[in-house]
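Take a look at the structure below.
Readers should treat all values here as calculations from the given coordinates under stated rules, not as data from a laboratory. Given the structure is predicted, the values throughout are model-derived calculations rather than measurements. Glycine also receives a Cβ, built like all others from the backbone with ideal geometry; neighbour counts cover every protein chain displayed.
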Amino acid sequence: MEQMKIRYDARGLAEPDAQAPGTASIETVAADGAEAAFRKAVFDAEELTTRQINLELRRLVYDEGVTDVTMLNPGAKHSIAVGILARCKITIGGSLGYFGCGLIDGPEIHITGRVGWSVAENMMSGVIVVDKNAGSLAGAALRGGDVVVRGDVGARTGIDQKGGTIIVGGNAGMMTGFMLQRGRMIILGDVGPGLGDSMYDGVIYVGGKVASLGVDCVEDELAEADHEVLDRKLRIYGMEPPGAFRKFVCGRKLWNYDNLEPAERKLVL
Amino acid sequence: MCGIAGIIHRDGPGDIGTEMTRMLQSMKHRGPDSSGFALYGPPDELMVMRLKLADPNEARDFGWSERMERHRNEIEHRLAKIGAMVDLVQGDQEYAYRVKFRYSGDLKALADYVEDVPGCEVLSLGHSLEIIKDLSDAESVADRYHLLGFTGSHAIGHVRMATESDVDIAGAHPYWAYPFSDIAVVHNGQLTNYHMWRRRLERLGHRFQSECDSEIIAVYLAQKMDDGLSLETAMKQSLDELDGVFTYLVVTADALGVAKDEMAAKPLVLYESPQLVALASEEVAIRAVIGHEIDTHDPYEREVLVWSR
């Protein structure tokens, strides 16, 4: 486990002249019935730096036309698999550190370990499935696609979410759905204090206990359409639904906060 | 930003010097200003004291080396005068020393008397705790103070990005809980009621060597334990009495504890096995000392956890 020496340029940019290492082994999988031929690749990230890993991913997806990449031993490094803007399948065999899979548009990513803070930040479309736990801020500012965490997540999951779906198989920490603006969150376990604090819109489904609701978050009744969405989403990812769901939405009292009388403002907060 | 790390062996001592160096070095990007270690070697009936006489980055005039020598002699003289039988004085640097001595009197009297020597700060005092802190990254500090191969049961460490106070040894973590034996703290965050607690603790007679908010946590906890509370109870009270954002690690002669504030604003990743517990601001630090694939999780807000060796 030799520590890697990372070079910085005068502006503080890490590895300014890094190159894709080109260590991946690529094979072409022949067409099989309805499935067309495609190229798949596998590479080991253990000895590579963050920049090298991301450059190798880009080389494979953009230059080599690979649509199925497997990365081994990411070793909880930060900022891995970010900014990939193409339809492809990426399997990450291990755990990621902070800011994993951010700013992506299209990929279908499966992570067999856990992820740190801010996974899938600002993701536009695609799917991320994390087999174990996630840190805080999972799916921050998510715009679209599905983020699935089969384990527990930390605090402020889906902060500033503007679309898409976040599904959590375990428990979630405090301030889940903080400033949620659009999209939906499905939490199968318990949630911490301040659920849906200052949410503008969107919907949060909770299967377990709710420690407390945040400002301007209210409980609503589940309609037929809600059950349909929940059944479909959980079926896709093979997750067991809990006994019953509760649904939480915006109370809309903060929408016109400026027009409220001082006494009314106190009631809202 | 700062990075913190802790490790405790549950099945006998390990090479905590090397382990903590690796953990801290892997988080160098979180704080390159200074690095610090609080290491617990095998408990000894002798006391061990780490102290510094000057800062490495202060301007050195012509008489600097002689002055260091004179101050070191003065400290040995004062230790003898207050009733400590000095066994060993080791100087890893001209300005930083490790002293072993036999002493059974009041620690506060001893620490105050030693710190009365100009420029001197007692970094740690106890029967097994040794705090080593200096400027630059963890590998350089470990190299300068010969920490690789330091055997012990548990340790905490810190890499610092200075935000609230100066880049010097006084501002570096871990902080010893002056004047209580074998207690130290590292902290990631900011305390907003620092001045109030500092005044309260100063009224009880405690001294503070830096302007760093983290320094009060160690003294705060040690004072509570001195008042009869358990470590865990003291830490739980800190969640309500300390304001701001914090994740801190605290070590005593036989335990390692962690507490997170109610906003869960500062990160912490935890790995537990029957052999050891390792925790750090980032998972890369834990992986730097564990060779196999591991499962980790993040403790939630207001969590207080304590492990004993």
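Simple spin-label model, 7 Å along Cα-to-Cβ: B:HIS292 to A:TYR62 in nm?
4.0 nm
What is the ratio of the Cα radius of gyration of chain B to 2.2 N^0.38 Å, where N is its residue count, to two decimals?
0.93
Translational diffusion coefficient of the protein assembly as shown at 10 °C, 1.306 mPa s, Stokes-Einstein with Kirkwood Rh over Cα pairs, in µm²/s as a whole number.
On the way: Rh = 25.8 Å.
Rounded to a whole number, D works out at 62 µm²/s.
Using only Cα atoms and rounding to the nearest 10 degrees, what angle (0 to 90) does helix B:64-82 make with the longest principal axis of chain B?
Its long axis makes an angle of about 90 degrees.
Choose one answer from B:GLN190, B:GLN223, B:GLN237: the residue with the largest mean-square fluctuation in a GNM of chain B with alpha-carbon springs under 10 Å.
Among B:GLN190, B:GLN223, B:GLN237, the largest mean-square fluctuation in the Gaussian network model of chain B belongs to B:GLN237.
For chain A, what is the relative contact order in percent, using Cα pairs closer than 8 Å and at least 6 residues apart in sequence?
Here the relative contact order equals 8 percent.
Give me the Kirkwood hydrodynamic radius of region B:44-124, using the inverse of the mean 1/r over all pairs of distinct Cα atoms, in Å to one decimal. Working shown, then result.
Working: mean 1/r = 0.0777 Å⁻¹.
So the Kirkwood estimate lands at 12.9 Å.
Multiply the residue gap between B:ALA109 and B:HIS29 by 0.36 nm, knock off their C-alpha separation, and tell me the result in nm, one decimal place.
Length difference between fully extended and current span is 24.8 nm.
Please give the calculated 222 nm ellipticity per residue for chain A, where each DSSP H segment of at least 4 residues contributes -39500 (n - 2.57) and the sum is spread over every residue; nearest 500 deg cm²/dmol?
-3000 deg cm²/dmol
What is the spin-label model distance, in nm, from A:ILE236 to A:SER25 if the labels are put 7 Å beyond Cα along the C-beta direction?
In this crude label model, A:ILE236 to A:SER25 measures out at 3.4 nm.
Taking beta carbons within 10 Å but only from partner chains, what does the mean come to for residues B:280-291?
Numbers: counts 0, 2, 8, 13, 9, 1, 1, 7, 4, 1, 1, 1.
Per residue, the average neighbour count from other chains is 4.
Given a cut-off of 33 Å, what percent of all Cα-Cα pairs of chain A lie beyond it?
29 percent
Give me the distance in nm between label points sitting 7 Å out from Cα along the Cα-to-Cβ direction at A:GLU261 and B:LEU148, one decimal.
For A:GLU261 paired with B:LEU148, the spin-label model returns 7.4 nm.
Determine the relative contact order of chain B: mean sequence separation of Cα pairs under 8 Å and six or more apart, normalised by residue count, in whole percent.
After rounding, I find 26 percent.
Counting other C-beta atoms within 10 Å, and keeping those with at most 15, which DSSP coil chymotrypsin sites (Phe, Trp or Tyr not before Pro) do you find in region B:17-89?
For chymotrypsin sites (Phe, Trp or Tyr not before Pro) across region B:17-89 that sit outside H, G, I, E and B with at most 15 neighbouring Cβ atoms in 10 Å, the list reads B:PHE62.
Do any GluC sites (Glu not before Pro) in region A:11-59 lie in a DSSP loop with no more than 14 other beta carbon atoms within 10 Å, and if so, which?
A:GLU46, A:GLU47
Region A:185-269: which GluC sites (Glu not before Pro) are DSSP loop and have at most 15 other beta-carbon atoms within 10 angstrom?
Values: sites: A:GLU219, A:GLU221, A:GLU224, A:GLU228, A:GLU264; in loops: A:GLU221.
Filter output for region A:185-269: A:GLU221.
For an R0 of 25 angstrom, estimate the FRET efficiency from the Cβ-Cβ distance between A:ASN73 and A:HIS110 and round to the nearest 0.05.
0.95
Using only Cα atoms, find the angle between the long axis of helix B:194-203 and the longest principal axis of chain B, and express it within 0 to 90 degrees, rounded to the nearest 10.
50 degrees
Report the full-extension gain for the segment B:ARG10 to B:LYS100: residue separation times 0.36 nm, less the Cα-Cα distance, to one decimal in nm.
Details: separation 90, 0.36 × 90 = 32.40 nm, distance 2.66 nm.
Extra length available between B:ARG10 and B:LYS100 comes to 29.7 nm.
Give me the inter-chain shielding for B:260-271: mean count of other chain Cβ atoms within 10 Å, whole number please.
Across the residues of B:260-271, the mean count of other-chain Cβ atoms within 10 Å is 3.
Compute the length gained on full extension between A:ALA37 and A:GLN181: take 0.36 nm times their separation in residues and subtract their Cα-Cα distance, giving the result in nm to one decimal. Don't skip to the end; give the middle numbers.
Values: separation 144, 0.36 × 144 = 51.84 nm, distance 4.08 nm.
Answer, rounded to one decimal: 47.8 nm.
Got a sec? How would B:TRP176, A:TRP117 order by Cβ neighbour count within 10 Å, fewest to most?
Least crowded to most crowded, the residues run A:TRP117, B:TRP176.
Looking at chain A as a GNM with Cα springs under 10 Å, which of A:ASN122, A:ASN256, A:ASN171 has the largest mean-square fluctuation?
Highest fluctuation of the listed residues: A:ASN256.
Please give the average number of partner chain Cβ atoms lying within 10 Å of the Cβ of each residue in B:17-28, rounded to a whole number.
1
Check cross-link reach from B:LYS108 to the lysines: straight Cα distance under 28 Å, and skip same-chain residues fewer than eight apart.
B:LYS52, B:LYS81, B:LYS100, B:LYS133, B:LYS224, B:LYS236
Would you compute, for the Cα atoms of region B:66-164, the largest minus smallest coordinate along each principal axis and list the three values in descending order, in whole Å?
38, 33, 27
Hey, what angle do you get for helix B:231-241 against the long axis of chain B, alpha-carbon based, 0 to 90 degrees rounded to 10?
Helix B:231-241 and the main axis of chain B meet at about 80 degrees.
Could you check which residue among B:LEU256, B:LEU46, B:LEU129 shows the biggest mean-square fluctuation in a GNM of chain B with a 10 Å Cα cutoff?
Comparing B:LEU256, B:LEU46, B:LEU129 in the GNM, the peak value goes to B:LEU46.
Report the paramagnetic label zone for A:MET124: residues of region A:152-173 whose backbone N is under 17 Å from a point 7 Å from Cα along the Cα-to-Cβ axis.
Answer for this model: A:162-165.
In µm²/s, what is D for region B:216-264 at 25 °C and 0.890 mPa s, where D = kT/(6 pi eta Rh) by Stokes-Einstein and Rh is the Kirkwood radius from Cα pairs?
Taking Rh from Cα pairs, D becomes 224 µm²/s.
Provide B:LEU110, A:LEU213, A:LEU137, A:LEU85 in ascending order of the number of other Cβ atoms located within 10 Å of each residue's Cβ, fewest first.
A:LEU85, A:LEU213, B:LEU110, A:LEU137
Grab the eigenvalues of the alpha-carbon gyration tensor for region A:1-149, scale each by 5, take roots, and send me the semi-axes largest first in whole angstrom.
Result for region A:1-149: semi-axes of 23, 20, 14 Å.
When the C-alpha atoms of region A:166-267 are aligned to their principal axes, what extent does each axis show, in angstrom, from largest down?
Its Cα atoms span 49, 26, 19 Å along the three principal axes.
Based only on other Cβ atoms within 10 Å, what is the fewest-to-most ordering of B:HIS154, B:HIS9, B:HIS173, A:HIS227?
Numbers: B:HIS154 29, B:HIS9 21, B:HIS173 32, A:HIS227 12.
Ordered by Cβ neighbours within 10 Å, fewest first: A:HIS227, B:HIS9, B:HIS154, B:HIS173.
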